[in-house]
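First comes the structure, then the notes that go with it.
Every number in this text was worked out from the coordinates using simple rules, so none of it is lab data. The shown structure was predicted, so the numbers you read here are calculated from the model rather than taken from an experiment. When we count neighbours, we look across all protein chains shown, and the Cβ atoms used for this are built from the backbone with ideal geometry, even at glycine.
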Amino acid sequence: MITALAAEVLLLRKRLAPFVVGGAWVIMVVGFGFLVPYIVYATMGLSKQAGRAELLATLLPAAAHTTTAGTYPLFGGAIMLILGVLVTGSEYRWGTWTARLVQGPSRTQVVLAKFGVGAVTATVIATAALAAAMVTSGVIALTEQRPLSWPAASAVVASLGVAAFISIAWMSVGAALGVVFRGVGPALGVGLLWTLGLENAVSGLAGAVPGMEPVRAVLLGPASGSLVAALGEPSVGKGGAIGVGAYTSAATACAVLLGYAATAIAVATVMTRHRDIT
């Protein structure tokens, strides 16, 4: 297993995919989570002082960790799904599965190593995004001549844990789709259509049809939004990020995300072991 993990670490280091995906997500968090809202704040009329103050409060260091976490239920999850697809689907694209599996480790070990290294990569990206967000919020505070009131370390760690947990769950689903569809293109198409299209449609329908609430409770996006809401991030109806809402309890949301990750690993392992990988 150690050999398989070492091989996967070397493989990801040699590929551009994790660096491109990670860099893109850091830029998105800084740009759409902080810079664009700050531009909106700066251009709002003086007659909207209450709205300006509320918006600025979400961009200052004291709230930067929850503001960053609020970007994950929808956009961050989709980015991590792409990462997962590239972790496994690229092997089919380049035809390297055969060479990979005849070098020693069993198929199960190789699959588990891919998910393990993918999880570490997702966590590193989440950490980099949070660090960039905190720096950006500090710059905004200095620009607005506001005190640098940083959140408690425990709150920052909790926010990072939520972001990493959500990232790993979505990455796992993407990696499983890469195995199921034996490639990148179809897996990305199905994954993004499901998460950005179908889940949003069902979630919106559940708001009007109470009978759909149990269905929404077991979806990946609403579970992610519920976990972020447990940190204190306001729901989208109260000015928060898209996808954030207390649809279920934090414990239920954790169970749903863990269930998706465990199911994805099981599906990828079984399919890799029992079918021709060429």
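Summary table
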| read-out | value |
| --- | --- |
| Local electrostatic count at P222 - Lys and Arg +1, Asp and Glu -1, tallied over other residues with Cβ under 15 Å | -2 |
| Positive-end residue, the chain charge dipole about Cα centroid, Cβ charges, pick of L60, A223, M212 | A223 |
| Phi to ³J(HN,Hα) by Karplus 6.51 cos²θ - 1.76 cosθ + 1.60 over segment 255-268, Hz, x for Gly, Pro | 5, 5, 5, 5, x, 4, 5, 5, 5, 4, 5, 5, 4, 5 |
| Given charges at Cβ of Lys, Arg, Asp, Glu: segment 1-153 dipole, positive-most of A128, T43, I140 | A128 |
| Cα shape, segment 59-125, gyration tensor, a/c 1.5 rule | prolate |
| Relative contact order, percent, the chain [alpha-carbon distance under 8 Å, six or more residues apart] | 26 |
| Charge-dipole axis of the chain as Lys and Arg at +1 and Asp and Glu at -1 on Cβ define it, positive-most pick from H274, A264, I27 | H274 |
| Cα→Cβ-extended label distance, 7 Å offset, between S249 and V209, nm | 2.8 |
| Part-to-part distance (alpha-carbon centres) for segment 74-149 and segment 1-72, which is given in Å | 14 |
| P(r) tail fraction, the chain - alpha-carbon pairs more than 31 Å apart, % | 31 |
